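The values are calculated or read from the model by the stated rules, or taken from the named source; none is laboratory data. Model, not experiment: these values are computed from the prediction. No Cβ is skipped: glycine too gets one built from the backbone with ideal geometry, and neighbour counts run over all protein chains shown. Keep in mind that these areas ignore ligands, DNA and RNA; they rest on the heavy atoms of the full protein, side chains included. Shrake-Rupley method; radii C 1.70, N 1.55, O 1.52, S 1.80 Å.
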Amino acid sequence: MPVARTALTDAYTRLSEVLPGLGVTELAAADEAPSGGGWVTAASLAAGGTELAAFLAWDEAQVLRDYGQRARPDVIASFGLHRYAWPACLLITVPWFLHRRVPRHPAAHVSYDRTAAGLPLGRMAVRAASFACLPGDPAAALPGARVVADEEALRAEVRAAVAEHLEPVLAGFGPRMRRRGRALWGMATDEVVEGLWYVAHLLGEQERARHELELLLPGATRPYVGKAAFRELKGPDGAPLHTRDRASCCMFYTLRPEDTCATCPRTCDADRVDKLLASAG
């Protein structure tokens, strides 16, 4: 597949270094999007038709294989959206976090293949429409650059870029998930926060990520629901343990009610502490 070098390349290279299970390839303007095999475009997922049905068949087979039971169709759709949106948001948030550059990736410019051998999170092919940056960034002279005034203006670009990409995708998945509006955007909020928070942990920059995400999503930033919602718990020895309150539920409890995640709305603080200590060990 052709490889383009852009103002985003260093960010995506670093992402692949710390998260080798996800592959990202940049396409030049003249390159055709990959097709065939397991490739699907975000636009075809947004259309909500046969390609989305085939995409979700993968989740249905995985649940049956791994858990020995079938999940409800709305649960399968929720899993499928999460498995697409989590890496898709990283295409925007990681360049912002690392280099203060915010790409625009309309759904028509992103393709995804989660069947690639050796890449458990799949691989994405992207063609940035443009990117925003701050004054003084050397990339400001490159084609497609849009200079914005300051950090808050750049945060507004992150929110707008994620919304531009995810809005049609949410519309495609929503009917199958039996969710609309606020519930869908609550899920989008969680994907933005938890994806970057996880990658920042791999980069050794969790504290900066929490601060940046609290500024990015302070609440009342429509269409997003709620805020970054980080908070601190105390371990048995008084050591701080960081968690957050999700705006949505991933529905995993429908398969394993006793095995909810540490940020699940259904998980009490005592259980959160136990889960956080277990994961740290």
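Worth pointing out:
- Take every Cα pair under 8 Å whose residues are at least 6 apart in sequence, average their separation, divide by the length of the stretch 67-135, and the relative contact order is 27 percent.
- Taking the stretch 1-135 and dividing mean pair separation by its residue count, relative contact order in percent (alpha carbons under 8 Å, at least six apart): 35
- Relative to the Cα centre, the charge distribution of the stretch 113-245, modelled as +1 at Lys and Arg Cβ and -1 at Asp and Glu Cβ, gives a dipole magnitude of about 720 debye.
- On the principal axes of its alpha carbon atoms, the stretch 90-245 extends 53, 44, 38 Å, with the longest extent given first.
- Hydrophobic, long helices, defined as DSSP H runs whose alpha-carbon span along the helix axis is 24 Å or greater and whose mean Kyte-Doolittle value is at least -0.5, occur in the chain at 50-67, 73-99, 151-177, 181-203.
- Note on the stretch 74-135: Cα-only Rg and Dmax are 13.3, 45 Å.
- ALA183 versus ARG256: modelled label distance in nm, points set 7 Å from Cα along the beta carbon direction: 2.4
- Integer Hz, Karplus 6.51/-1.76/1.60 couplings in order for the stretch 224-240, x for Gly and Pro: 5, 10, x, 10, 4, 6, 6, 8, 10, 10, 10, x, x, 9, x, 5, x
- Rounded to whole Å, sorted largest first: equivalent-ellipsoid semi-axes of the chain, Cα gyration tensor: 29, 25, 17
- The residues of the chain expose on average 45 square angstrom of accessible surface per residue, using a 1.4 Å probe on protein heavy atoms.
- Overall dimensions of the stretch 1-148 as given by Cα atoms, namely Rg and Dmax in Å: 16.5, 55
- Stretched out straight at 0.36 nm per residue, the stretch from TYR67 to GLU164 would grow longer than its current Cα-Cα span by 31.4 nm.
- Summarising the amide proton neighbourhood of ASP137: residues at separation of 5 or more, or on other chains, whose placed amide H is nearer than 5 Å comprise an empty set.
- Spin-label model, ALA54/ALA129: points 7 Å from Cα along the beta carbon direction are separated by 2.6 nm.
- Annotation: for a label point projected 7 angstrom from Cα along Cα→Cβ of ARG208, residues of the stretch 83-116 with backbone N closer than 13 Å are 94-101.
- The chain, relative contact order in percent, only Cα pairs under 8 angstrom and at least six apart counted: 18
- Bridges between two residues of the chain, per DSSP, are antiparallel at a rate of about 65%.
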